[in-house]
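J.: Here's a structure for you.
The values are calculated or read from the model by the stated rules, or taken from the named source; none is laboratory data. Predicted, not measured: the structure shown is a model, and the values here were computed from it. A quick note on method: Cβ atoms are made from the backbone with ideal geometry, for glycine too, and the neighbour counts reach across all protein chains shown. SASA here: full protein model, heavy atoms, side chains in, ligands and nucleic acids out. Shrake-Rupley method; radii C 1.70, N 1.55, O 1.52, S 1.80 Å.
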Amino acid sequence: MAVRTILRLGDPRLREVAAPVTEFDTPELHELVRDLLETMEAAEGAGLAAVQIGVPKRVVIFGVDYSPRYPKADPVPFTVLVNPEITPLGDEREAGWEGCLSVPGMRGLVSRPARIRYRGRDQFGRPIDRTVDGFHARVVQHECDHLDGKVYLDRMTSMETLSFVREFQRYWLEPDEADDGE
């Protein structure tokens with residue numbers, strides 16, 4: 001188990017499409033999940049994709065009870081999601097602020113489907129099938145984008161809201177919403 005280095009924007013590995021996992025409940029997959037969890041926790045993230053630590057496999061983890069990076073966000077149950085598939089449910093979209101451990105120190109406004117269904121498997125091969133909305137839906141979509149070589153910047157419809165964290169706090173948040181997270 002180890003805290004791994006998180007790749008940063010500009011590293012070409014972040015833009016690669018990840019390969020499906022073909023074997024479940026293996027020592028290698030369990031070690032990857034442990035490394036992802038330790039790395040996500042050390043960085044105080046809400047989620048992390050294997051691609052972000054240089055492993056081109058279709059594995060993401062996410063979950064948060066409370067995050068200083070997203071202090072007003074609803075809790076998201078801890079989940080290991082392998083070979084995910086996302087289906088938007090309806091045409092409603094929701095704009096929300098996003099940041100990324102691979103794009104440290106920045107925030108941007110991103111519009112995403114408000115309600116989704118996601119399916120996949122956990123690291124043991126057990127099926128996962130959930131319908132979610134709100135912050136939970138945003139986190140899943142954000143992390144799964146990494147598996148297709150995308151970052152939240154690619155989803156922004158306008159770069160006018162792209163901000164450094166300090167400016168984001170100063171100009172875009174209400175005074176009681178400010179945090180120091182990157």
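J.: Between a residue in the range 69-96 that is farther than 29 Å from P56 by Cα and any residue that is among the charged types (D, E, K, R), which pairs come within a Cβ distance under 6 Å, given they are 6 or more apart or on different chains?
T.: Here the result reads P71/D179; G90/R115, each pair linking the range 69-96 to a residue that is among the charged types (D, E, K, R).
J.: State all residues of the range 136-149 that are buried (at least 16 other Cβ atoms within 10 Å of the Cβ) and either out of contact with any Asp or Glu (no Cβ under 6 Å at 6 or more places or on another chain) or within 15 Å of R93 (Cβ to Cβ) (or both); if no residue qualifies, say none.
T.: H136, A137, R138, V139, V140, Q141, H142, E143, C144, D145, H146, L147
J.: Any residue in the range 115-144 that is free of Cβ contacts under 8 Å to residues at least 12 places away in the same chain sitting within a Cβ distance under 8 Å of a residue that is in a strand (DSSP E or B) and crowded, with 16+ Cβ neighbours inside 10 Å? List the pairs, counting only those 6 or more apart or interchain.
T.: P127/G120; P127/R121
J.: So, P56, is that one more than 16 Å from the chain's Cα centre (by Cα), open to solvent by 30 Å² or more (accessible area, probe 1.4 Å) and farther than 19 Å from P77 by Cα or not?
T.: no
J.: Report, ordered by the first and then the second residue, all pairs with beta carbons closer than 7 Å, sequence separation of six or more or different chains, a first member in the range 1-24 that is farther than 11 Å from G54 by Cβ, and a second member that is β-branched (V, I, T) and assigned to a loop (DSSP other than H, G, I, E, B).
T.: Sorted first by the residue in the range 1-24, then by its partner, the pairs are L9/V151.
J.: Considering only residues that are open to solvent by less than 20 Å² (accessible area, probe 1.4 Å) and either closer than 15 Å to T79 by Cα or part of a helix (DSSP H, G or I) (or both), which ones fall in the range 2-31?
T.: If the condition is that a residue be open to solvent by less than 20 Å² (accessible area, probe 1.4 Å) and either closer than 15 Å to T79 by Cα or part of a helix (DSSP H, G or I) (or both), then L14, L29 are the ones that fit.
J.: For D91, are the conditions met, namely being open to solvent by 50 Å² or more (accessible area, probe 1.4 Å) and more than 24 Å from V165 (Cα to Cα)?
T.: yes
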